[in-house]
1. To check you understand DSSP bridge types, tell me what percent of the beta bridges within the chain (both residues inside) are antiparallel, rounded to 5.
2. Using all alpha carbons of the chain, what is the percent of pairwise distances in each 20 Å bin, ordered from the shortest bin to the longest?
3. Using a Förster radius of 35 Å, what is the FRET efficiency between residue 49 and residue 103 based on their Cβ-Cβ separation? Nearest 0.05, please.
4. Any idea how far apart residue 283 and residue 92 come out in nm if each label point goes 7 Å out from Cα toward Cβ?
5. Size of the dipole of region 9-91 about the Cα centre, Lys and Arg at +1 and Asp and Glu at -1 on the beta carbon, nothing else charged, in debye to 20?
6. Using a simple charge model, +1 on the beta-carbon of Lys and Arg, -1 on the beta-carbon of Asp and Glu, nothing else, what dipole does region 235-329 show about its Cα centre, in debye to the nearest 20?
7. Please give the residues of region 244-264, grouped as numeric ranges, whose backbone N is less than 17 Å from a label point set 7 Å along the Cα-to-Cβ vector of residue 12.
8. Would you give the gap between the C-alpha center of region 141-197 and the C-alpha center of region 266-308, rounded to a whole Å?
Amino acid sequence: MAKLTVSVAGVDYDRTRALFDGTVPIAGCETICCAMSPEEAFHRAFRYQEFDITELSLSNTMASVAKGTNAYVAIPVFPSRLFRHSSIYVRSDRGIEHPEDLRGKVIGVPDYSMTAAVWIRGILEDEYGVRAADVKWRSGGLEQPGREARVALELPAGIELKAIAIGETLSQQLDNGRIDALISALAPSCLGRNPSVRRLFPDYRAVEEAYFERTRMFPIMHVVGIRRSLLEKHPWLAVNTYVAYLKAKEICYRQLETIGHLFTTLPWPVEELSRARGLMGEDFWSYGVEANRRELAAVSRYAFEQGIIDRQLAVEDLFAPSTLSLSKV
């Protein structure tokens with residue numbers, strides 16, 4: 001019997017590599033895997049729906065679900081997770097020593113709706129009392145001018161968001177002091193070159209570990225989505241894809257545990273894995289809804305409060321129903 005041919009797009013992470021290199025198949029499928037940056041995958045998927053299975057921005061996925069325009073149905077696979085205290089960059093000449101000092105400042109962000117920014121604004125409010133309306137937001141390309149938002153927004157009253165001038169970039173504006181701070185998933189090119197630009201949290205690992213100990217949350221950035229029209233024809237594809245990603249992650253864990261020969265180009269990866277598990281648990285990079293309900297509920301609340309979505313979504317609203325509860329033996 002012929003198999004279903006599907007295209008798969010996303011980053012070739014260690015936790016997805018076994019799927020990308022063919023070690024782990026999606027049952028019933030022949031896969032055409034296209035490795036690329038998340039920014040490229042998002043652009044091509046959201047604008048042109050080029051891929052059958054693709055890595056997606058969590059916040060943009062929530063926005064499309066809330067509007068009923070989602071061309072992709074998500075499964076609870078989270079290929080990208082990241083603590084984001086490291087992603088806040090500030091001018092050292094603006095009196096910004098603590099998060100609370102961001103009130104009244106002008107902060108750049110490549111895309112107001114990007115998941116990293118949603119998490120950071122939520123953390124700033126929950127942990128430090130700094131609301132989205134307490135600062136002035138400026139959007140634009142980080143290193144290339146002309147970046148446009150992926151999602152049309154109607155922000156709550158009191159939140160100021162303006163695009164920077166055409167031809168300028170946020171990195172340039174931070175470099176020359178036209179903005180006071182920057183939230184960005186990628187470090188700006190002026191960091192390290194301009195002594196007046198630094199991270200808000202220089203020792204961000206310690207701050208992020210303390211955040212996890214308080215909240216038990218490991219922020220989710222991306223999900224995996226399956227083309228809705230394809231899933232309607234082949235409903236079995238949701239669970240089969242989910243299981244394939246689970247198997248690929250298990251292979252990643254086994255390789256990280258191997259000390260006889262190292263799979264990563266670091267001197268102490270096994271010790272690092274043990275340290276992470278000591279703080280965060282055995283399966284710290286968990287997939288599935290129940291293991292991640294706390295994070296998913298938090299980011300849905302943040303997105304609603306910040307004007308990314310017009311109603312707070314239930315966790316179950318985001319994912320293919322068949323992936324919410326797998327069979328057990």
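1. That works out to approximately 45 percent antiparallel.
2. 30, 58, 12, 0
3. It comes to 0.30.
4. With each label placed 7 Å out from Cα toward Cβ, I get 4.4 nm.
5. 520
6. Dipole of region 235-329, to the nearest 20 debye: 140 debye.
7. Correct set: 248-249, 252, 263-264.
8. Region 141-197 and region 266-308 have Cα centres spaced 27 Å from each other.
The values are calculated or read from the model by the stated rules, or taken from the named source; none is laboratory data. Since this is a predicted model, take the numbers as computed values, not measurements. When we count neighbours, we look across all protein chains shown, and the Cβ atoms used for this are built from the backbone with ideal geometry, even at glycine. What goes into the accessible areas is simple: the full protein's heavy atoms, side chains included, and nothing from ligands, DNA or RNA. Shrake-Rupley method; radii C 1.70, N 1.55, O 1.52, S 1.80 Å.
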